[in-house]
Every structure is written in structure tokens, then in C-alpha cells.
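Reviewing the structure listed below.
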Amino acid sequence: MTNVAIIGGGRGGTSLIEIFYNDPLVRIVGVVDVDHNAPGIRLARKLKIPVTRDYRKLLRSRKVDLVIDVTGDKAIEEILQASRRPGVAVIGGPSAKFMWQLIEERIKSKEEIERHLLEYQSLYRLYVKEVELAIAEERTRIACDIHDGLVQTLVGLNYRLDYCADQLEKNPALTLRSIQETKSLLKEAISEAREVIFNLRPIYLDRAGLLPSLKKYLKTYERQYQIETRLETSGNEAPVPSQAKIFIFRIIQEALANVQKHAQAKRVELRIEIHLKRLTAAITDDGIGFDFKLNKRDQPASNSFGLKSIMERARLLGGKSEIVSRKGQGTQVRIEIPLSKEEEG
């Protein structure tokens, strides 16, 4: 569970309280505002959430994992960044404003909250996953993947090899067949290990850079899935913020995963153009395609969630996405991300 402190009791704080209060993965440990009659403070009292006028008290608290500042006060934002303890994530400025505005936009009436609750929870988890606390969560998830998949496969291989050793002299023909089956399982284990490496790669984006990381990713993707890949880039990635690189990598990774799972494609092209104020990317495959309007209504949840994830990540960056597809004519995923405050506004 994530312990969240909210600084600001206005519209932004009120919206965050309304959505986070019923989230089983979140506990609001405090709400701060100098105005004790602010709507967020009144709501917090009603829900029996601790309130205070001094945000420094919450910064010193060992219970806080995540601080969200929706005041828009530059001085408070600077103090939060300067006094942040290790292990505490801080979201403020335009990022926090965009978060609560996105939530507020969707909460149009009390009756809609229950219907949209799962959607808001997914959006919240998606955002928090990309901040500092994500590293620990990612390690846990990868450890589970290794234990439940790769380790179990390796244990099975060990038993098979013991069986082969026991049958080597008794039944050579049976032993040969068993060795061949073991080789097939070993290829699966290698494939699972590569998938784990795919999931680890974004952690090192700051060190390697977005474009080199994508180039390496595509090589491994091509080798694993036998789908021919092509990467075309223009521009320098220097204007791209570090956090945006993670989002962009995840968008492209999700688009390529959809190609591998659903498109039955033989070829996929990735085109990235980086300008001073914006980044554009297009992922195009030659697969079977689909009717995207029909997909919104009838497509299985697993695929629609992947497309939704792409669109939500682009929106969190202040950008936009477009999915173009027709049956028999392949699919193209396009995104455009602003790289400056002027463009974002």
C-alpha cells in the first residue's frame, strides 16, 4: 500500500481525495492547506483523514511514501524537492496539475464515480509506476516472473536430464527423444529469460539513451519473434526529459507487443522524429489489421487494454495518439509528445 500526502485543499486536492480514498492500494495519511475551510480540508475531516496547516510535518513523517503538491506554488515545490527524504516520491508542478485535472474531467457526477473507479485506479497505478517507487515494484514483479516461469522451467529441465542419465544405457532411443524434448524446453527458457531482460531495459534508459535502447530492443525483438524490424530516426534526443523517455519506451514496447500477439505480421517499422518542441513516433506493421471502431466495442479486453495503455501514457505526457487500422491492411500507431511548456500548453 502507498501512503500519500496531499498538499493543497482546493479543487485539485478535493479531486485526488475523492479518487484515492476508495482505492485499496492507497492510504491518504494527511491533507495540508492553510485555509481550514478549503473544500479538500472539509472533505478530509468528513472522511477522518488527518489535516494540518504545516506541510513540513508531513515531510518529516516516516509514514509518507508519496507527496502530491497541487498548490502550484513554486516556493513550496522547491522546498519539497530540497527536503525530500530517500524513498519518498514527490509529484508537483504541471505533472500534479495534469493528474488532478484529468481525474476531475472524468468525475462529472457522483453517480459516475463507481462506474469509472477501476479506470481511475489503473490510471493512478500507471502514473505512480513511472516515478521513483516504480523501481522496487518492477523488481518484485520481475522476481515473480522469474520464479513462476523461468525457474520452474529450469527445474523441469533438471528432472529431465536426471531421467536421461538414468535411461541412457537402458533405452538409448527413448533417451534421444527425451534430449530433443529437453532442447525444446531449453529454447523456451531462453525466450523467457529474454523477456525478463526486455522488462529490465527501461531502468537503464538514462544511461544508454532512448534511441540506443530502442535499437537494441528491436534487435532482440526481431530475433525472438522472427518479425523483421526497421528503425528510422531523425533529430537529437537531448530535448526529451528522462521521465518522458520511460513513457515513450513503454508506449513503443506496448505497440510492438500488440504486433507480436495479434497482428500476424512479418515486418514492423518504427519511425521517430525529434524536433525542438515535439517528438513524433509511428509504429507500422504489415499484419492482418482490424476495424478499430469495431474494436472499441467488441475486441477482447487484453488487446483493448494494450491500446488504452498507449493512449493514456501519451495523454499523461500532454500529447496525443492515433491508431489507424483496416482489415488486411496492417496497423499504424502514431504518437505526438510536446517537449516544451509552450507546446504543452
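Brief remarks on what is shown
- Looking at L214, L270, L276, just one residue is touching a Phe, Trp or Tyr at 6+ places or on another chain (Cβ under 9 Å), under 20 Å from A314 (Cβ atoms) and not acidic (D, E), and that residue is L214.
- Matching entry among I323, I272, I288 (being within 20 Å of L211 (Cα to Cα) and either assigned to a strand (DSSP E or B) or at pLDDT below 95 (or both)): I272
- Inside region 239-286, residues that are in contact (Cβ under 8 Å) with a residue 40 or more places away in the chain and hydroxyl-bearing (S, T, Y) make up a count of 2.
- When region 4-28 is filtered for residues that are in contact with a strand residue (DSSP E or B) (Cβ under 7 Å, 6 or more places away or on another chain) and surrounded by 18 or more Cβ atoms within 10 Å (Cβ to Cβ), the ones remaining, listed by number, are V4, A5, I6, I7, G8, G9, G13, L16, I17, F20, V26, I28.
- Any chance I310 is at pLDDT 90 or above and of a type in the set (V, I, T): no
- Test: residue in region 62-73 that is over 29 Å from G318 (Cα atoms) and without any contact (Cβ under 8 Å) to a residue 40 or more places away in the chain: yes
- Selection status of V259, at pLDDT 90 or above and in a loop (DSSP other than H, G, I, E, B): no
The values are calculated or read from the model by the stated rules, or taken from the named source; none is laboratory data. Nothing here was measured: the structure is a model prediction, and the numbers come from that model. Using ideal geometry, Cβ is built from the backbone for each residue, glycine included, and neighbour counts are taken over all protein chains shown.
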